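Structure, as structure tokens:
Throughout, read-outs are computed from the coordinates displayed, never taken from laboratory work. Note that the structure is predicted; figures quoted are calculated from it, not measured. Positions of Cβ are generated from backbone atoms using ideal geometry, with glycine treated the same way; all protein chains shown enter the neighbour counts.
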Amino acid sequence: MLQNKGSDTLVNVAGAWAEAYAKVDPNLAIAVSGGGSGTGISALINGTVDIANASRRMKDKEIKAAKANGVEPVEFIVGYDALAVFLHKENTKTDWTIAELADIYGEGAQTTKWSQVDVRMSGCESDKIVVVSRQNNSGTYAYFKKAILGKKRDYRMGTNDLHGSKDVVELVEKTPCAIGYSGLAYATDHVKMARIAKDKNSPYIAPSVKTASDRSYPIARPLLMYTAGEPTGKVKEYLDWILSDEGQRILVKNGYAPVRNVTD
Amino acid sequence: MRNGGDKPGGPKAGPGANWDRLGASWFIDKGVQVLVFVGGTSAIIFVVGIFVFITREGWPFIRDTLDFAEFFGSPRWNPTSDHNPTYGALALIVGTASVTGLAMLIAIPFSLGAAIYIAEFAQGRTREVLKVLVEMLAAIPSVVWGFIGLTVMNPLIIDMFNVPVGLTVLNSGLILGLMAAPIMTTIAEDALKAVPDGYREAAEAMGATKLQVVFKVVLPAAKNGLVAAVLLGVGRGFGETMAVLMASGHSVNLPTSVFDSVRALTATIAAELGETAHGSDHYRVLFTLGIFLFIVTFIINLLADIFVRGVRKKG
């Protein structure tokens with residue numbers, strides 16, 4: 001039994017991989033569970049999983065803790081994920097710079113009303129921006145903070161910290177005043193996705209599998225799998241298969257960007 | 001056992017009695033005694049064990065890092081900041097208190113009304129059906145309530161009140177009120193049933209109407225039990241996690257109206273504990289929140305118990 005645990009961003013595709021791999025190697029049972037990047041990484045540190053999924057890199061502290069436990073984590077990039085900024089369908093502002101987003105999400109943020117960014121919606125009479133974020137141990141939370149606010153700045157207080165990518169999309173869909181972020185794979189037809197530019201002089205890029213894999217979309221992150229020590233045997237075979245064309249095609253089907261071009 | 005001697009065929013004198021005492025039934029009797037003793041004391045062992053565990057995990061933080069003025073006075077909860085972590089729990093305490101408070105405003109009239117109707121007015125089938133329905137309401141899992149809050153109540157509240165977001169004190173208070181009401185109804189009904197029928201008959205014999213009997217005689221007599229029902233409801237509200245996590249908006253915020261999002265103590269622990277590094281300050285401060293919650297709910301339950309004892313003495 002191969003234990004595979006961690007990032008909620010990766011859990012769907014990890015499940016799809018495990019399912020498809022049952023046909024490649026029917027003798028290997030793979031148990032996939034979510035819980036968040038931190039959960040997977042602590043399980044790896046404690047030696048209870050074979051592969052930990054993460055949507056952020058391991059922190060120095062975690063690597064140290066792993067080594068102290070006699071675990072040497074080895075990192076594999078298995079794909080890329082574009083972090084989409086979601087808006088309500090009614091919202092008229094499609095193009096956002098990173099600085100504009102930071103002025104909504106960051107500590108001491110000045111933008112608290114939609115009229116400040118020239119948005120007027122009939123569904124949002126109060127004009128207040130409902131800032132939707134994630135609980136503070138999610139990999140998505142950590143990556144968005146680093147990509148939008150930089151290393152030094154914290155999120156502002158009073159954000160709605162939802163428990164899961166799906167909940168974010170669900171809330172934004174039904175809340176005209178809201179803005180939120182999640183992996184591209186969680187996008188639905190009922191919400192609008194922002195086009196993001198690094199700064200005012202750069203082009204605005206819409207998130208997609210293509211713009212994530214050619215790295216033109218500014219907030220795309222690597223999706224990682226960690227093993228305890230260099231993988232051998234069944235674990236190595238499984239990881240090799242994930243990185244093969246067949247594995248990568250499953251990744252694309254789930255809305256993530258592959259590590260290299262795969263042809264259908 | 002006291003009446004054993006009166007029964008025909010009770011303990012006989014002589015060697016036969018000794019043999020009888022050491023027979024299978026004697027061992028079963030002893031065995032059951034031990035089982036009941038273990039069952040009774042295990043609750044105490046578990047409570048003490050849990051308290052020792054959470055205190056041990058939280059204590060190093062309380063001793064070394066905790067600033068009481070910050071913990072109880074600052075609304076800034078940001079334990080994961082890389083350069084300046086802050087541990088102000090005020091917003092979380094106010095969040096829990098406001099949601100529980102609103103829930104009680106909703107649940108108390110509903111559950112007391114329901115209890116009075118079921119115990120004093122309803123007859124036969126109506127009464128049995130109502131009792132079962134109330135108990136079924138208590139069996140709905142809290143995550144289902146939370147889901148209703150997130151997907152049904154949120155857009156409803158936005159539309160009805162024209163507010164920016166529907167995950168608010170109002171939403172979670174309503175849901176929590178509905179969750180606490182069945183338990184409160186059941187306990188309040190028991191308290192009303194515990195009032196001896198003699199009271200009612202005496203009042204009726206004096207010419208009191210049904211309403212007078214209920215309000216002037218039964219309710220005052222069951223007062224302590226009703227207070228206990230309310231307190232247990234408060235305890236339920238304080239400790240509820242999943243529904244509040246999903247319906248309150250989970251936002252560190254001092255609410256100024258029922259249309260503000262808040263964050264509850266329990267929801268914070270549930271959302272953050274799973275992934276904190278074991279032994280870190282963040283991990284320990286979450287246990288400190290746990291100690292605080294434990295003490296508060298302990299006091300609430302203790303008060304409820306004292307009130308119930310009051311009713312027994314009188315009854």
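Some observations on this one:
- Relative contact order for chain A: 27 percent, from Cα pairs under 8 Å spaced at least 6 residues apart, divided by residue count.
- Label point 7 Å beyond Cα of A:V74 along Cβ direction - residues of the range A:15-54 with amide nitrogen under 15 Å: A:50-52
- Stokes-Einstein D (µm²/s) once Rh is taken as the Kirkwood radius of chain A over alpha-carbon pairs, at 4 °C in 1.567 mPa s: 68 µm²/s
- Rounded to the nearest 0.05, the FRET efficiency derived from the C-beta distance between A:M1 and A:K64 at R0 = 25 Å is 0.30.
- Average partner coverage of B:66-78, which counts Cβ from other chains inside 10 Å: 1
- Order by protection proxy (mean Cβ within 10 Å, highest first), peptides A:128-134, B:158-164: A:128-134, B:158-164
- Projected label points at A:R120 and B:V143, each 7 Å from Cα along the beta carbon direction, are separated by 4.5 nanometres.
- Tensor-based shape of the range A:82-213 (alpha-carbon gyration tensor, a/c under 1.5 rounded, otherwise prolate or oblate): rounded
- With kT/(6 pi eta Rh) evaluated at 25 °C and eta = 0.890 mPa s, and Rh the Kirkwood radius from Cα pairs, the range B:108-239 diffuses with a coefficient of 150 µm²/s according to Stokes-Einstein.
- Convex hull volume per residue in cubic angstrom - Cα atoms of the protein assembly as shown: 244 Å³
- Using the Cβ-Cβ distance between A:E230 and B:L254 with R0 = 51 Å, the FRET efficiency computed as 1/(1 + (r/R0)^6) comes to roughly 0.50.
- The range A:38-97-the range B:127-154 distance, computed between alpha-carbon centres (Å): 37 Å
- Sequence-distant contacts, meaning Cα pairs under 8 Å at least 6 residues apart, place the relative contact order of the range A:82-213 at 40 percent.
- Euclidean distance of C-alpha centroids, the range B:25-82 and the range B:164-227, integer Å: 33 Å
- Less than 5 angstrom separates the built amide H of B:D260 from those of B:V169, B:L170, all sequence-distant by 5 or more or on a different chain.
- Residues whose amide H falls under 5 Å from that of B:Y87, counting only those 5 or more places apart or on a different chain, are B:N78, with hydrogens built in the peptide plane.
- Whole-number D in µm² s⁻¹ for the range A:182-264, Kirkwood Cα-pair radius fed into Stokes-Einstein, 4 °C, 1.567 mPa s: 88 µm²/s
- The fraction of Cα-Cα pairs per 10 angstrom bin, counted from 0 for the range B:71-314, comes to 8, 27, 29, 20, 11, 4, 1, 0 percent, rounded to whole percents.
- The mean number of partner chain beta-carbon atoms within 10 angstrom of a residue's beta-carbon across peptide A:130-141 is 5.
- Contact order relative to length of chain B, as percent, for alpha carbon pairs under 8 angstrom and 6 or more apart: 23 percent
- A Förster radius of 51 Å combined with the Cβ-Cβ distance from A:E90 to A:A31 puts the calculated FRET efficiency at roughly 0.75.
- Length available on full extension from B:M160 to B:D67: 0.36 nm per residue minus the Cα-Cα distance, which gives 29.2 nm.
- Cβ neighbours within 10 Å from other chains - mean over A:161-167: 5
- Largest GNM mean-square fluctuation among B:G124, B:G95, B:G173, using chain B with Cα springs under 10 Å: B:G124.
- Chain lengthening between B:V38 and B:W59 when straightened (0.36 nm per residue, less Cα-Cα): 4.6 nm
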